[in-house]
Structures are given as structure tokens and as C-alpha cells.
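Scroll down for the structure; my scribbles are underneath it.
The values are calculated or read from the model by the stated rules, or taken from the named source; none is laboratory data. As the structure is a prediction and not an experimental result, all values here were calculated from the model. Cβ placement follows ideal geometry from the backbone for every residue including glycine, while neighbour counts extend to all protein chains displayed. We work out accessible area using only protein heavy atoms, side chains counted, and drop any ligands, DNA or RNA first. Shrake-Rupley method; radii C 1.70, N 1.55, O 1.52, S 1.80 Å.
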Amino acid sequence: MTDHWIAPDRLFDGHSIQSGAAVRVKDGLVAEIGPAPAEAVKVKGLLTPGYVDLQVNGGGGVFLNETPTREGISTIADAHRRFGTVAILPTVITDAPDVLEDAANATIAAQGLHGILGLHIEGPHISRERRGTHAATHVRPFDDRTMAVVTHLRDINIPVMITLAPEVTPLKTIAKLAETGAVVSIGHSNATAEQVNEAIEAGATCATHLFNAMSPMTSRAPGVVGAVINSTIYSGIICDGHHVANSMVGLAVRGRPQADRMILVSDSMATVGGPDHFNLYGHEVVLKNGRLINKEGSLAGAHVTQAEGVQRLIHKVGLSEEVALRMATSTPAACMGLPQVGVLEGRRTDDVLLLDADHAVDSTLAEALLSIKTANVAQ
């Protein structure tokens, strides 16, 4: 079975859902999408590209800041792949300069590992007031060491997202980062709407976990939240039922002036696919009732998968299947300038998912094909 047609109940090509369509699989890749021919093998479920996550701090018991190695990144990616996330941006949060440099070197070493897109640098050039669980001792003004890391990664064509606070980062620095091709994301910020808009003018094209760790929207002061919602930049949002209320997720998605600018992110930690605790800045973070709690009793990242987020977007927030699926596939891919990562055609069969009626991940296409082959042999 090296060249054959597979006809799911429905398929999502990365942009829209189709009925009566099939994929032609050739040598382990989705080679073509077209009308289902009579000889197509039927499979149950909704076929979709695997999920893309631009904010992954850990998984499989590994927290990137604590294990900034190629092996650590591989373990994190493998943990999330088990739950349908097939492409990630490993994320290093605010820490000492050496940790950032080690994470960058690990990302370079991890190039070639399937599903590793690049590196998300979240901090340390952020607001102390809006640092969240990030350590205050490591928050610092933008420096040459960070610029050198970003520039080197971009010089060797590794995608980079860098989260920073525009009120503590010079506009000329934002412009210089954008010129490298890095995605500058506004986050952990106490900025005014005016400062956000200036950062966007300078080259910022994204925002990090909307609503969380940023100045709120009020009637007379839009803050970061209001400025981002009113803008046309991309924005990540966590949908775990803890970080943002379902109704506010829906409000943000519907309130954007341009469609397909909202990105589902997990902000997941080492507990996804791992034990119920991990070490953060020398202190234990524990999973309690679905929430990761640090020593101060505050949220410290999230314990959620993209698959769970997609289900919540559809069944709790009330978004359409297509909007929710784009938020986890083609929109994050487009944000990073990697459109091929968010679509069905051209993908490996182990990067393609079959979802059941509740939009839970049932299997990969590769697993479904193996089941078909096994059944045929048995006959």
C-alpha cells in the first residue's frame, strides 16, 4: 500500500472542512486531496493536520529551562506528539543569560528532529509588574547577549519568537529584531495601548497569551489587552478553563477586526505526559485540580494539550470547527512564516490526525493505515 486513496468521513485541509473528499497517500506522505474515488479505503472520523503549538515550556517530565539540551527538547516533543501536537516551538522563559544561550544551542542541535520548529524566547526583557511566575531576579533590560542569540539563530534560518514588554524595550531594538525575521511578540507587559501600537509600528507581529500577564482593558484605558484585540497582529491564547474564562476567549476571537489572527497555545509545562510536579527556579510546582501552582500559590504555566484546547474551543467556547482547527494548525504556522506546517497536503502520515465525534484524537493517519494493512493481511 504505497499509493492509495483514503476517504475519511470529513477532512480539514488546514483552512476548511470538506465532505466527500479523500487523500492520496504515496510513500508515507499526503500527496493529493481530491474527490473520493470508488476504490478509496474508508476510515471513520475527521482527518486534520496535526496540531502546532508555539509555546511549549516542557513535557514528559522535562522543563526546558532545567534541561536545555537536544535530548530535553526531544523528550518534550515526543510527549506532546502522543497527544496530537506534531510541531512545537520549545519555549525558554526568563532566566540567566547562560540558560538562554544553552537553550539556543540545544535548539540548533535539535534541528532535524521531526516537529521542532525553532525557539520561543519568553523573557527576560519583560515588565516586573506583569512578570507572572517569571523570576524577578532574572528580569533585565534588553542586552547584547540576547540580540546575539536571536541574530545567530536567524542567520542559520532557525525560526524565533521573542516575547518582550514594549515599555521596557526600545523601539529601535524591536525594529532590529523584526529585521532579523524574528517574530516579536508583546507579552508580560504593563504597557499602554499607545506603547503597544508603537511597538506594532516598529515591527511586533504577535502577542503572548492574551489576557494573562498584561495590562487589562478598561473603559478609558485599553491597555495591552484592548490594543491587541483591536489590532491585526497575531495573538496566542490559553484555553484550559483556568487562565482565561471561556466567555472571554470567545469575546477575543469574535472581537478581532481581521479573521484568523488568534492562535491556540498550551503554555504547557513538564507535567504534560509526565509526573504531577516539576522544578521551577529551585522550587517545586505541583499540579492541583488541573492547575499548576507555584510556591506563591499562583499559576505557573499550564497543564493542557492542544487537543484538549481544541475540544474546549468547540464544545465550551462555542467556536466553529474550522475556526478552532485553524487556531491550532494553519494560523500558528502562518504566524511563524511556515505555512506548510499547518496544512494537510504534503504532510507525513504520522503528522495527520483522525478525530472522533467529540473532536478527541483517535489516531494518526499512519496508525490507521497500519490497522488497515494488518486487517488485510489477516484476511
### Task
Being open to solvent by less than 10 Å² (accessible area, probe 1.4 Å) and within 13 Å of the chain's Cα centre (by Cα) is the filter; apply it to region 107-120 and report the residue that is farthest from ARG145 (Cα to Cα).
GLY118
## Note on the structure
The strands (runs of 3 or more DSSP E) lying wholly within region 200-312 that contain at least 2 residues that are more than 21 Å from the chain's Cα centre (by Cα) are 277-280, 283-288
### Inter-residue pairs, beta-carbon under 7 Å, first open to solvent by 60 Å² or more (accessible area, probe 1.4 Å) and in region 19-30, second assigned to a strand (DSSP E or B) and not β-branched (Val, Ile, Thr), 6+ apart
SER19/ARG10; LYS26/ASP3; LEU29/ARG348
### Query
Of everything in region 89-106 that's over 19 Å from HIS138 (Cα atoms) and out of contact with any helix residue (DSSP H, G or I) (no Cβ under 7 Å at 6 or more places or on another chain), which residue is most open to solvent (accessible area, probe 1.4 Å)?
ASN105
### Message
So, ALA360, is that one aliphatic (A, V, I, L, M) and surrounded by fewer than 23 Cβ atoms within 10 Å (Cβ to Cβ) or not?
### Response
yes
### Filter result for the condition that a residue is of a type in the set (Lys, Arg), open to solvent by 10 Å² or more (accessible area, probe 1.4 Å) and under 23 Å from the mean Cα position of the chain (by Cα), over ARG70, ARG10
ARG70
### Task
Exactly one condition in (1) touching a residue at least 40 places away in the same chain (Cβ under 8 Å); (2) more than 26 Å from THR107 (Cβ to Cβ); (3) in contact with a Pro (Cβ under 7 Å, 6 or more places away or on another chain) is not met by GLY223; state its number.
(1)
### Query
Among (1) more than 18 Å from GLY273 (Cβ to Cβ); (2) in contact (Cβ under 8 Å) with a residue 24 or more places away in the chain, which single condition is GLU66 missing?
(1)
### Message
Could you list, ordered by first residue, the pairs with Cβ atoms under 8 Å in which the first is in region 158-172 and farther than 16 Å from ASN197 by Cβ and the second is assigned to a helix (DSSP H, G or I) and open to solvent by 10 Å² or more (accessible area, probe 1.4 Å), at least 6 apart or interchain?
### Response
ILE158/ILE108; VAL160/ARG154; LYS172/ALA202
